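Notes for the one structure printed next.
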Amino acid sequence: MSRIMSTAEAIKEARRCLNCARPTCRTGCPIENNIPEFIRALGEGNIGLAYETISERSNLPAICGRVCPHERQCEAHCILTKKQCGIEIGSLEMFIADFAHDNDLKPIPASSGMRGKVAVIGSGPAGLTVAGDLAKMDFDVTIFEAQTEPGGVLLFGIPDFRLPKDVVRREIKELLSLGVKIKTQVLAGVDFTVDDLFAEGFDAIFMGTGTSLPRTLDIPGKELSGILTATYFLRTVVLADEGKLDESETILHTGDNVVIVGAGNVAMDAARTAVRRGAKNVTVVFHKSEAEVSAFRTEYNAALQEGIQFSFLKQPIAYFNKKQMRALNNIRRHAEQGDETQVAGLLLQNITKTPDGEFVSEGGQEVLPCDCVILAVGQRPAARIVSTTKGIQVDNRGFVITRERPYGMTTRAGVFSSGDVVHGPATVVLAMKESKKVAAGIAQYIDAKKLIEDCSF
Ligand SMILES: Cc1cc2nc3c(=O)[nH]c(=O)nc-3n(C[C@H](O)[C@H](O)[C@H](O)COP(=O)(O)OP(=O)(O)OC[C@H]3O[C@@H](n4cnc5c(N)ncnc54)[C@H](O)[C@@H]3O)c2cc1C
């Protein structure tokens with residue numbers, strides 16, 4: 001996890017770098033940030049050059065500095081990590097980006113917009129990366145975003161205690177200063193279509209619409225109140241924290257017993273947020289064992305440290321209401337409000353891991369009492385764009401199919417895509433990595449299109 005450093009600490013840390021002849025840290029970075037070069041510049045006290053170097057590959061360094069799994073990527077490849085004293089690359093990245101912001105450093109001039117016109121639908125890490133890279137290549141870029149503000153999961157998913165909203169907002173502001181235009185509260189597939197955008201004169205269209213449909217559990221009791229999805233919960237908390245939503249809309253109440261289903265990063269964020277919102281007990285239920293927890297280890301460890309409990313090898317099979325819970329516990333009492341409508345327990349099936357690594361039902365069951373169940377069991381893409389546009393093929397789970405040449409083009413000519421809507425829910429840096437390649441593919445496509453237009457007379 002990255003930590004805030006003073007200028008003296010950051011320079012001292014950078015000077016520990018061995019300047020390897022064959023640096024492996026860079027190969028560990030999905031977007032191939034020139035890590036040795038920005039560390040060298042920082043070590044020499046040239047923070048402007050360090051920022052310029054980072055900006056060549058990344059449009060979102062302050063964000064990446066905070067949420068990238070550096071310990072699995074660049075830092076894992078640092079030669080000093082083998083000696084337990086690896087360079088804190090994530091913290092240095094965050095320091096350089098924050099320093100550049102505080103000192104108003106702007107290494108890259110705004111786009112002339114002369115090379116072609118691109119519409120970017122969605123403003124999560126994928127859309128922002130494509131927009132930033134194409135603006136740097138002199139394209140005229142307009143972002144179309146459904147929400148009131150750009151940022152996608154960066155703003156409405158990852159909680160403030162891990163990624164402060166002001167960092168997201170300021171980094172997006174920097175990116176827009178490259179000449180990128182933005183229209184918010186416009187929903188592609190409803191307010192306009194891809195064909196409308198082509199008719200308006202866009203040369204290419206990019207879809208970075210993520211996975212906005214959360215999966216739920218199709219088990220008895222699913223209609224009870226008090227069951228919500230993690231992405232909805234996290235979004236309502238962001239809005240409530242900013243005074244844009246009444247506190248009561250966040251569903252969770254102080255003193256609640258909360259159960260989280262799932263053990264990915266989204267589950268950890270929901271669990272840790274529930275603790276911060278005053279939940280009495282938070283238990284994460286996962287149908288596999290601890291070894292299969294898919295959340296970053298740092299997030300899992302942070303959850304453990306915050307007192308979150310984990311119940312492994314349990315599969316939820318039914319929700320119980322208050323009346324069912326009372327009957328189960330042989331409690332006789334007058335009827336109460338919410339008796340049959342409010343969730344009060346989760347029935348869990350025990351699971352065993354076989355020597356072959358398979359997970360099978362063991363037979364035993366238990367009921368976990370709760371006031372609120374938060375589901376973090378995956379997301380999938382919405383079909384608003386593909387259902388209103390001819391020719392964009394998706395796979396059987398709804399993920400957009402793209403090609404290698406030009407990189408990232410869908411089965412509809414001129415329409416490109418990347419990020420979670422293509423490869424499924426993953427990481428910020430994977431969305432950025434793929435989107436950098438797609439931005440290059442879009443540039444190639446538009447250049448070729450214009451050449452053909454220029455040559456046809
Ligand atoms: C709670 C949570 C925590 C996470 N934590 C981490 C982490 O710590 N580190 C990490 O690396 N990754 C993390 N991830 C994963 C990471 O955030 C995603 O992989 C990444 O945001 C995907 O980027 P994207 O641009 O493809 O999609 P998104 O970020 O989902 O952005 C999609 C954007 O498209 C917009 N949109 C959708 N449909 C339309 C439409 N029809 N018209 C207009 N706009 C539309 C949406 O409003 C949204 O702004 C986390 C994810 C979640 C949900």
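The values are calculated or read from the model by the stated rules, or taken from the named source; none is laboratory data. Bear in mind the structure is a predicted one, so any value in this text is a computation, not a measurement. So basically every Cβ, Gly included, is an ideal-geometry build from the backbone, and we count neighbours across all protein chains shown. Side chains are part of the model used for accessible areas, which takes the heavy atoms of the whole protein and leaves out ligands, DNA and RNA. Shrake-Rupley method; radii C 1.70, N 1.55, O 1.52, S 1.80 Å.
May I ask you to list the residues in region 152-172 that are open to solvent by less than 20 Å² (accessible area, probe 1.4 Å) and more than 9 Å from the ligand (Cβ to nearest atom)?
Once the filter is applied, which keeps residues that are open to solvent by less than 20 Å² (accessible area, probe 1.4 Å) and more than 9 Å from the ligand (Cβ to nearest atom), region 152-172 yields Lys165, Val167, Val168, Glu171, Ile172.
Of the conditions (1) over 16 Å from Ala230 (Cβ atoms); (2) polar (S, T, N, Q); (3) open to solvent by less than 70 Å² (accessible area, probe 1.4 Å), Thr283 satisfies every one except a single condition; which number is it?
It is condition (1) that Thr283 fails.
Test Phe139 against the criterion of being touching a residue at least 60 places away in the same chain (Cβ under 8 Å) and open to solvent by less than 10 Å² (accessible area, probe 1.4 Å), and give yes or no.
Numbers: touching a residue at least 60 places away in the same chain (Cβ under 8 Å): yes; open to solvent by less than 10 Å² (accessible area, probe 1.4 Å): yes.
The answer is yes for Phe139.
Could you tell me which of the residues Ile260, Ile205 is within 16 Å of the ligand (Cβ to nearest atom), among the hydrophobic types (A, V, I, L, M, F, W, C) and closer than 30 Å to Ile446 by Cα?
Values: Ile260 fails: closer than 30 Å to Ile446 by Cα.
Unique residue meeting the criteria: Ile205.
Under 7 Å between Cβ atoms, which residue pairs at least 6 apart in sequence (or on different chains) link something in region 435-452 that is over 16 Å from Gly113 (Cα atoms) with a partner that is assigned to a helix (DSSP H, G or I) and of a type in the set (A, V, I, L, M)?
Ser435/Ala126; Ser435/Val130; Val438/Val130
So which residues in region 396-431 are within 20 Å of Ile63 (Cα to Cα), open to solvent by 10 Å² or more (accessible area, probe 1.4 Å) and in contact (Cβ under 8 Å) with a residue 40 or more places away in the chain?
Applying the first criterion (within 20 Å of Ile63 (Cα to Cα)) to region 396-431 yields 418-420, 425-431.
Okay, now just the ones that are also open to solvent by 10 Å² or more (accessible area, probe 1.4 Å), so 420, 425-428, 430.
If the condition is that a residue be within 20 Å of Ile63 (Cα to Cα), open to solvent by 10 Å² or more (accessible area, probe 1.4 Å) and in contact (Cβ under 8 Å) with a residue 40 or more places away in the chain, then Asp420, Pro425, Thr427, Val428, Leu430 are the ones that fit.
Is it the case that some residue within region 260-277 is touching an Asp or Glu at 6+ places or on another chain (Cβ under 7 Å) and basic (Lys, Arg)?
Step one: filter region 260-277 for residues touching an Asp or Glu at 6+ places or on another chain (Cβ under 7 Å), giving 265, 268, 272, 275.
After this cut, where a residue has to be basic (Lys, Arg) as well, the list is 272.
Yes, some residue in region 260-277 is touching an Asp or Glu at 6+ places or on another chain (Cβ under 7 Å) and basic (Lys, Arg).
Among all residue pairs at least 6 apart or on different chains, which show Cβ distances below 7 Å where the first residue, located in region 103-129, is in contact (Cβ under 8 Å) with a residue 24 or more places away in the chain and the second is of a type in the set (Lys, Arg) and within 16 Å of the ligand (Cβ to nearest atom)?
Thr129/Lys436
Have a look at Gly363, Gly338, Gly378 and point out the one that is without any contact (Cβ under 8 Å) to a residue 40 or more places away in the chain and open to solvent by 10 Å² or more (accessible area, probe 1.4 Å).
On the way: Gly338 fails: without any contact (Cβ under 8 Å) to a residue 40 or more places away in the chain; Gly378 fails: without any contact (Cβ under 8 Å) to a residue 40 or more places away in the chain.
Of Gly363, Gly338, Gly378, the one residue that is without any contact (Cβ under 8 Å) to a residue 40 or more places away in the chain and open to solvent by 10 Å² or more (accessible area, probe 1.4 Å) is Gly363.
Please state which one of Ile374, Ile392 is within 16 Å of the ligand (Cβ to nearest atom), closer than 30 Å to Val67 by Cα and out of contact with any Pro (no Cβ under 7 Å at 6 or more places or on another chain).
Details: Ile392 fails: closer than 30 Å to Val67 by Cα.
So the residue among Ile374, Ile392 that is within 16 Å of the ligand (Cβ to nearest atom), closer than 30 Å to Val67 by Cα and out of contact with any Pro (no Cβ under 7 Å at 6 or more places or on another chain) is Ile374.
Considering only region 1-31, state which residues are surrounded by 15 or more Cβ atoms within 10 Å (Cβ to Cβ) and within 26 Å of Val438 (Cβ to Cβ).
Hits for region 1-31 are Cys25, Arg26, Gly28, Cys29, Pro30, Ile31.
Among Leu217, Leu175, Leu213, which is the only one that is surrounded by 16 or more Cβ atoms within 10 Å (Cβ to Cβ) and either within 16 Å of the ligand (Cβ to nearest atom) or at positive phi (or both)?
So the residue among Leu217, Leu175, Leu213 that is surrounded by 16 or more Cβ atoms within 10 Å (Cβ to Cβ) and either within 16 Å of the ligand (Cβ to nearest atom) or at positive phi (or both) is Leu175.
Based on this model, can you work out whether Leu228 counts as closer than 25 Å to Gly338 by Cα, within 15 Å of the ligand (Cβ to nearest atom) and either more than 16 Å from the chain's Cα centre (by Cα) or surrounded by 23 or more Cβ atoms within 10 Å (Cβ to Cβ) (or both)?
Values: closer than 25 Å to Gly338 by Cα: yes; within 15 Å of the ligand (Cβ to nearest atom): yes; either more than 16 Å from the chain's Cα centre (by Cα) or surrounded by 23 or more Cβ atoms within 10 Å (Cβ to Cβ) (or both): yes.
Spelling it out, Leu228 is indeed closer than 25 Å to Gly338 by Cα, within 15 Å of the ligand (Cβ to nearest atom) and either more than 16 Å from the chain's Cα centre (by Cα) or surrounded by 23 or more Cβ atoms within 10 Å (Cβ to Cβ) (or both).
Could you please let me know if Phe99 is closer than 15 Å to Ile4 by Cβ, surrounded by fewer than 24 Cβ atoms within 10 Å (Cβ to Cβ) and at pLDDT 95 or above?
Details: closer than 15 Å to Ile4 by Cβ: yes; surrounded by fewer than 24 Cβ atoms within 10 Å (Cβ to Cβ): yes; at pLDDT 95 or above: yes.
In short, yes.
Specify which of the listed residues (Arg332, Arg297) is surrounded by fewer than 13 Cβ atoms within 10 Å (Cβ to Cβ), assigned by TED's automatic domain parsing to the domain that holds Gly226, within 16 Å of the ligand (Cβ to nearest atom) and more than 20 Å from Leu228 (Cα to Cα). Even if it seems obvious, please write down each step before you answer.
Working: Arg332 fails: within 16 Å of the ligand (Cβ to nearest atom).
It is Arg297.
Give me the helices (runs of 4 or more DSSP H) completely within region 1-84, filtered to those with at least 1 residues that are aliphatic (A, V, I, L, M) and within 16 Å of the ligand (Cβ to nearest atom), ordered by residue number.
Numbers: elements: 7-15, 35-43, 47-57, 61-67, 74-77.
Hits in region 1-84: 61-67, 74-77.
Testing Lys288 on (1) in contact with a Cys (Cβ under 6 Å, 6 or more places away or on another chain); (2) surrounded by fewer than 19 Cβ atoms within 10 Å (Cβ to Cβ), one condition comes back false. Which one is that?
Failing condition for Lys288: (1).
Considering only region 114-133, state which residues are under 10 Å from Val180 (Cβ atoms) and part of a loop (DSSP other than H, G, I, E, B).
Ser123
Where residues in region 130-151 are within 10 Å of the ligand (Cβ to nearest atom) and among the small types (Gly, Ala, Ser), which of them is farthest from Ile205 (Cα to Cα)?
First, pick out the residues of region 130-151 that are within 10 Å of the ligand (Cβ to nearest atom): 130, 143-151.
Filter again for among the small types (Gly, Ala, Ser), leaving 146, 151.
Details: Ala146: 16, Gly151: 19 Å.
In this case the residue turns out to be Gly151.
Please give the number of the condition Glu366 fails out of (1) more than 11 Å from the ligand (Cβ to nearest atom); (2) more than 19 Å from Thr216 (Cα to Cα); (3) assigned to a loop (DSSP other than H, G, I, E, B).
Result: Glu366 fails condition (3) only.
If a residue has to be in contact with a Lys or Arg (Cβ under 7 Å, 6 or more places away or on another chain) and within 11 Å of the ligand (Cβ to nearest atom) to count, how many in region 395-439 make the cut?
Final tally of qualifying residues: 0.
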